[in-house]
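Computed from the coordinates by the stated procedures, all read-outs in this text should not be read as laboratory data. This one's a predicted model, so the numbers in the text were calculated from it and none came from an experiment. A quick note on method: Cβ atoms are made from the backbone with ideal geometry, for glycine too, and the neighbour counts reach across all protein chains shown.
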Amino acid sequence: MVEQKSMFDAEPDQGSETISSSALEQIVLLRKQIENWNYDYYVMDAPQVPDAEYDRKIQQLISLESQNPELITSDSPTQRVGGTPLSAFDQVQHEMPMLSLDNVFDETQLLDFDRRIHDRLNTDQAFEYACEPKLDGIAASLLYENGILIRGATRGDGSTGENITQNIRTIQSIPLKLRGSGWPQRLEIRGEIYMPRAGFNALNEKAKAAGEKGFMNPRNAAAGSLRQLDARITATRPLEMCCYSVGMVEVGTGEPLPEKHAEVLKQFNAWGLRINPEMAVVKNIQGCVDYYQMLAEKRDSLSYDIDGIVFKVNDLKLQLRLGFVAKAPRWATAHKFPAQEEMTVLNDVEFQVGRTGAITPVARLEPVFVGGVTVSNATLHNADEVARLQVKIGDTVVIRRAGDVIPKIVSVVMAKRTNFARDIIFPDTCPVCSAAVERIEGEVITRCSAGISCPAQSKQAIKHFASRKAMDIDGLGDKLVDQLADAGLIKNMTDLFCLDWKEVVALERMGQKSASNLLSAINACKQTTLARFLYALGIREVGEATAKSLAEYFKELSALMHADEAALLEVDDVGPIVAQHIRLFFQNTDNQLIVNKLVEVGMHWPAIDASSELALPLAGKVIVLTGNLESMGRSEAKEQLQRLGAKVTGSVSKKTDLLIAGAAAGSKLTKAQDLGIEILDEEGLKVLLNV
Ligand code: IVH
């Protein structure tokens, strides 16, 4: 592969190629680069770079060629629409070329698109647009003669595609025979073949289990599945087809198609083909703007990947008048979402120590705009992930940020690896406190062994202690904890209670009032509940619910601190692992000192027996509901029982105190009988609830 500099290269002479080399040299380099990528993508099903990078290079080439039209050659990648037909399949000549779409990337460009159409048709009248999600899959053509599917083809290069009829026939949502009647005698229907996310994940899980590589993304998986020479393999893949346009039509003995694009699609739907349920017709370009906004918000909740919205003039006669430019229609455009995958350089890897001592490699990246935000950090999770990616410092990597998901490195662009790439070395001592690190057998995570005496762990522990669901200390956010700890004012949470107003007010950006407010918020948190206090300690695996169960069961802090494993296992939600974490926590002398000191400084909670909750009639009772209740819904019954203090759980175990069995109760009733658990019927429940 020719080494092509890109805007992502970290070399110091970035951008100099544009200044120094001639247009011809640049064009030749770009073509070679794109051809290589095309081959990897279309023939090998192994994309080398994210789409956004590919698109940029194509755009660069298009613009260079349009500035220097004498340099355009017929074999330039800009002179065809898409992929190279695979030689293993027979070729299909499309009777009407399968075109592509122009893209717009923002509202201004979208409004320009509408303006150009108005100018061309010389009218001020608003146009109706059909709006459809732009599915991220493979374009396909279905040819029906007298309602019978006779051929399925890929787009190929737009004029020649591959005959994939056998593979197409395995896709259940494509009718082999159209339903109803009235179809044109020869009818070519076009659409996108894609793999829904759930099917893609399942397929990759299966591949992983079999020790295979799996696919990079759903579109890739769809392409790979569709191009199988053995259609029996395609048949096992979860492919779908969604139809979005009409190709060649010969009405013959049939009936003509409707005159509006959306109506044509509805007609296809009536004939048994799938169309996108999100399709909508809007009155004007502002409708398109609104639709884009609406669907962008819905994007993550769709069951398939989309990479933009397609807007099409709805009136087919107008489409005809507008015609095509080069390889795309004038009457349609794709408003692309910001790319979710981008390339950048991994500048360095740092190791962060979390609350539980877990040491996480964090990638420091050359900042890159991806998924709508600028990303400069990404987690690399653990040593296994680093090994799986085979990533080194200095590598060019592909970053993915979809929706609100934390950005991650999905792959390394191996072709761009230089001799300067360095291995990522995991530290064998804690990067913050230099204590030994440990990796427990069977776990993928390396941890600092110092516990709370490690400054990094204590900082995180204090942040957790102050957080909303824990002590909820107003005004004490993560930044202020960092500031206090960095100033040496707090080493662990007990120090919060010894803070001096003068020290606090001396901090940067701290006003007198804020300092006073902070100290009174800290003071106020002393009055709490045992459950919150336990949660705030940040014991591994002890979340809010477990903390509550522990408080209810042990009632007193000292009882929990001295509990042995057997006693801990008696508590709901506590299994052997959680029990072990609790024991380890309270056995650690640093932790013991902290807990005792917190009590000493005045943290207190109401004695549990006297608390209102325990005064309730069903307090502490574990109840299971099963079968059908006539007088009320099960969720209503659950709510009423909870109001009386009961804990309602889903399955019967020896911890269950009572089973309420409605009509047609099944296995839970048998199990409760076997375990000798008290059982009440609906009448008994009513007595219990006093209704
Ligand atoms: S219409 C002449 N509608 O996007 C118009 N294309 O970038 C041809 N695509 O080749 C396409 N969803 O593979 C159209 N609702 C949709 C689409 C769609 C996805 C794909 C299609 C096309 C590519 C263009």
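Key figures for this structure:
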read-out	value
The range 304-370-the range 492-560 distance, computed between alpha-carbon centres (Å)	44
Residues A235 and S653, FRET efficiency given R0 of 35 Å [Cβ-Cβ distance, rounded to 0.05]	0.20
K32 versus N284: modelled label distance in nm, points set 7 Å from Cα along the beta carbon direction	5.2
Mean separation of Cα contacts under 8 Å (6+ apart) over length of the range 506-562, as relative contact order %	27
Gain upon complete extension [E95, Q109; 0.36 nm per residue less C-alpha separation]	1.8 nm
Positive dipole terminus of the chain, leading residue within L273, F369, Q67 (C-beta point charges)	L273
Reference-scaled alpha-carbon Rg (2.2 N^0.38 Å with N residues) for the range 583-654	1.69
Debye, to nearest 20: dipole size of the chain, +1 on Lys, Arg Cβ, -1 on Asp, Glu Cβ	760
The range 499-585 - Rg and Dmax from Cα coordinates, angstrom	17.6, 51
From phi via Karplus (6.51, -1.76, 1.60), per-residue ³J(HN,Hα) for the range 423-428 in Hz, x at Gly/Pro	5, 8, 9, 6, x, 9
Relative pair counts by distance (%), Cα atoms of the range 100-256, 10 Å bins	10, 31, 29, 21, 8, 1, 0
Derived scalar couplings ³J(HN,Hα) [the range 647-654; Karplus, 6.51 cos²θ - 1.76 cosθ + 1.60; whole Hz; x for Gly, Pro]	9, 9, 10, x, 10, 7, 9, 6
Dipole axis of the chain (+1 Lys, Arg; -1 Asp, Glu on Cβ), positive-most option in H94, V687, A140	V687
Relative contact order of the range 582-665, defined on C-alpha pairs under 8 angstrom at six or more residues apart (%)	32
Size descriptor, Kirkwood hydrodynamic radius, that averages inverse alpha-carbon separations across the range 75-170, Å	16.1
Helix 261-270 vs. the chain, principal-axis angle (Cα, 0 to 90°, nearest 10)	70
Per DSSP, loop chymotrypsin sites (Phe, Trp or Tyr not before Pro) in the range 527-602 with at most 15 further Cβ within 10 Å	none
Overall Cα dimensions of the range 385-544 - principal axes, largest extent first, Å	59, 37, 35
Three semi-axes of the equivalent ellipsoid, the range 260-321, Cα gyration tensor, whole Å, largest first	21, 18, 9
Cα-derived Rg over Rh, computed across the chain with Rh taken as Kirkwood radius	1.05
Surface/4 estimate of mean projected area, convex hull on alpha-carbon atoms of the range 551-624, nm²	5.8
Difference of contour (0.36 nm per residue) and Cα-Cα distance, T589 to Q642	15.3 nm
Cα pair distances exceeding 22 angstrom across the range 316-428, given as percent	46
Distance histogram for the range 364-459 (every C-alpha pair counted, 10 angstrom bins, percent rounded to whole numbers)	14, 36, 33, 17, 1
The chain - percent relative contact order, Cα under 8 Å, separation 6 or more	9
Computed Kirkwood radius, in angstrom, where 1/r is averaged over Cα pairs of the range 191-295	16.6
Efficiency of FRET between L569 and E443 - r from beta-carbon atoms, R0 25 angstrom, step 0.05	0.70
Folded to 0 to 90 degrees: helix 634-643 orientation relative to the chain principal axis, Cα	30
Members of K57/K392; K336/K392; K298/K327; K548/K655; K555/K668 lying beyond 20 Å, as alpha-carbon distances in this model show	K57/K392; K336/K392; K298/K327; K555/K668
FRET E, pair D119, N628, Förster distance 56 Å, beta-carbon r, rounded to 0.05	0.25
Total charge dipole magnitude, the range 494-555, about the Cα centre, Cβ charges on Lys, Arg, Asp, Glu only, Debye to nearest 20	160
Computed label-point distance, nm, for sites V405 and K177 using a 7 Å Cα→Cβ extension	4.3
Separation in nanometres of the label points that stand 7 Å from Cα toward Cβ, at R388 and T374	3.1
Listed residues T589, L499, L484: farthest to the positive end of the dipole of the chain (Cβ charges)	T589
CD proxy at 222 nm, helix term only [per DSSP H run n ≥ 4: -39500 (n - 2.57); per residue of the chain; nearest 500]	-10000 deg cm²/dmol
